[in-house]
Structures are given as C-alpha cells and as structure tokens.
Amino acid sequence: MFPTVNTTTNRKETLLAEIKALKAERNAVILAHVYERLEVQDVADYRGDSLGLSQQAAATQADMIIFCGVHFMAETAKLLSPQKTVYLANPHAGCPMADMITPAQLTTFKAQYPGVPVVGYVNTSAAVKALCDSCCTSANAVDVVKSLNTNQVLFVPDKHLGAYVQSQLPDVEIICWDGFCPAHLRIDLDDLTALKAQHPKALVLVHPECDEPVKDLADYIGSTTGILEQAAVCGADTFIICTEEGVAQRLTAEFPHKNFYTPSRSQAMCPNMKMTRLENIKKALLGQVPAVEIDAESFAKARHSLDVMMAIPMPKTTVSAGSAACRCQSKLGI
C-alpha cells in the first residue's frame, strides 16, 4: 500500500515558500486587515486596521506594498506611501459602504449645507476624501469632530458611526449621510440578547458601525484595534464580540485561554474581506494585478484630509490589565 500524500498541504507549503521568496526578491511588505482569512493574516508582515497598517508600511524601507484588504485601504496606503508601488492583493475586493457615496453625491450634499465642514470616514475612496475637510477613523472620530470647533458637521458615509459621535458630542449637530456597513448591521438585537442570556458574565465589545440597539447593550464601544486591545489586556475571560467575525477568530487564535463568542446567527462576515487567498498574494507579488493609481488632483487633496486627521493626537488605551471587568471603559471607545 502506498503512503497517503496530503497534496493540499504540500501545495500550501509550496505557495508559502514562493511568497516568502518573492517578498524578499521584490523588497515587499504584506499587510493584512484582521477581517481577512487567518491564513492570509498569518503570512502578513503586519496585521491590524486599515490606517494603522498603511502607517506601518509607510515607515518601512519596502519598495512594494501588498495590501490584503479592500480597495479604499490600498488607496490609503498609496496616499501615505506615494513613492512605493502598491497592489491590492485581490483587485475585486471592494467596500459596499465606501461605494455608498460618490464624489458627485458628496458635492451635492455639501451644496445643501454651504460652509459646513465635512468629516469623511477613512472607509471612503480617495476621490471622496479629496472633498473632505478631514478624515477620521472609528477610533478618533469624536476627537476629529471636536477639533473642528464648530456646531455643525457633515459626516460621511456611515450614519451609525455618525450617531455614535453625536451621542458623545451633544452640542454639535452631526448631519449624517445615509450609509452603513452591511456586515455590522447583520448583528441584531435578538442574537445579542440571546447570547448575553447564555453568558451573563461576558463583556460585550461592540464596533460603532453597529446599529444603535446593539450599541446600547455594549460594555465597550470601540474601533477594531480598540476591541482587540480591550480583549487582550482586560482581566475578564469571556467576551461577546460584535464586529466582523474575523476579529473573534483572531482573538481566539491569540488568546486560547479566553472565551470569545459572536452572535453567530447574524453571520457578521464581510465577503469582500474573504476574497483574498494566498494565490492572490503571489499574483500581486509578481505584478500580475494592476498597481493602485490615484490622479494627481485627488491625491493632493485626499492626502491633505488625512494629514489634518493625523495631526490630532490619537486617544490612548487606559484600561488596566488588572481590572476584573474593565467596565470602567464602558462606551468610551478608543
């Protein structure tokens, strides 16, 4: 009898070796958002949220950036690393929320409120960022709006993040575009309530892109990075993670002694973030996908909106590792 050969494992090992060799040959850095498949995250040099990854890549000596994420993320990497060649590993990976507002729509929106500054979520195209006064992330949206020192702000495109900012800044009128993240809206109240009943001691960590009834049940509201950091340092051992399912998968892999649950019936999975596979990374390293390009006029203006945001100090994580429950951070966000 001949021995069984696991051809799938052999192909994966060969592919990983080819990626490693190509990365060294091309002086490339691989970035992976934490919503990506775990095998994609595991081959990356850096994993995290979109802006943080772009900033890390800009600080490297790499000539090439391979971004495993969606289109606006690769554009942001290009804005911060204009001298580097940037590839989106799978050029078909887009963002439904980013597509919910176009430059023409934003121009019309601005015309309805002349003189009112526009804050654009980083989850937008470079062309939309070029029409904004400042960008923001889910971590610093409150601080960005506060820094504008105005009583009215146009906020695009996510109305749920905008609503969270409004709850934190009641003296500022946040006029929101009607955009949303389909994945986060699949987390519904019934799913979360049932899970809380099963695990009454669990802390509920919620991304601000979720809708308001879900956020109302949160012990903590914060960005992707904030949720990861909160779960990592908090003394609690059981969490309900209300964001894209990849975050709970990453936390489970890194902290096997803790328990992470998701409202599984909701299926909060972003199909675009799961489009990238190891084969796509290899193709990008070979230059077999289009490089990310941004026209000169949009580039300068979009980069300015990012620079305005990055000039504002980022909020810091203050949760104590010795805290048994960490509820002192309830709904503060980071």
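Considering amide H positions built from the backbone, and no H for Pro or chain starts, which residues 5 or more places from N90, or on another chain, come under 5 Å of its amide H?
Those qualifying (amide H under 5 Å, at least 5 residues apart or on another chain) are G69.
Show me the three semi-axes of the equivalent ellipsoid for the range 67-169, from the C-alpha gyration tensor (sqrt of 5 times each eigenvalue), largest first, rounded to whole Å. Can you show the working numbers first?
Numbers: eigenvalues 125, 43, 34 Å².
Largest first, the range 67-169 gives 25, 15, 13 Å.
If we restrict to alpha carbons, what Rg and Dmax does the chain come to, in Å?
20.3, 79
Given all pairs of different Cα atoms, what value in angstroms does the Kirkwood hydrodynamic radius of the range 189-323 take?
17.6 Å
About the Cα centre of the chain, what is the dipole size in debye to 20, counting +1 per Lys and Arg Cβ and -1 per Asp and Glu Cβ, all else neutral?
Roughly 580 debye, rounded to the nearest 20.
Across the range 183-269, how large is the tail of the calculated P(r) beyond 22 Å, expressed as a percent of all Cα pairs? Let's see the in-between values first.
Working: 449 of 3741 pairs.
I get 12 percent for the Cα pairs in the range 183-269 exceeding 22 Å.
Quick check: the distance between the Cα centres of the range 174-207 and the range 121-152, to the nearest angstrom?
Rounded to whole Å, the Cα centres lie 23 Å apart.
Between Rg and the Kirkwood Rh of the range 1-143, both from Cα atoms, what is the Rg to Rh ratio?
1.11
Quote the charge dipole size of the range 183-269 about the Cα centre in Debye, to the nearest 20; the model charges only the Cβ of Lys and Arg (+1) and of Asp and Glu (-1).
260 debye
On alpha-carbon atoms, Rg over Rh for the range 1-79 using Kirkwood Rh? List each step's numbers first, then the result.
Details: Rg = 15.1 Å, Rh = 13.7 Å.
So for the range 1-79, dividing Rg by the Kirkwood Rh gives 1.11.
If you place +1 on the Cβ of every Lys and Arg, -1 on the Cβ of every Asp and Glu, and leave all else neutral, what size is the dipole of the range 1-141 about its Cα centre, to the nearest 20 Debye? Before the final figure, lay out the partial values.
Numbers: 11 positive and 12 negative charges, 23 e Å.
Magnitude of the dipole: close to 100 debye.
Points 7 angstrom from Cα along the Cβ direction at Q198 and S264: gap in nanometres?
Inter-label distance under the simple model: 0.6 nm.
Suppose we look only past 17 Å in the calculated P(r) of the range 119-186. What percent of the Cα-Cα pairs does that tail hold?
34 percent
Only the coordinates and a few stated rules stand behind these numbers; no lab work does. Computed from a predicted structure; not experimentally measured. No Cβ is skipped: glycine too gets one built from the backbone with ideal geometry, and neighbour counts run over all protein chains shown.
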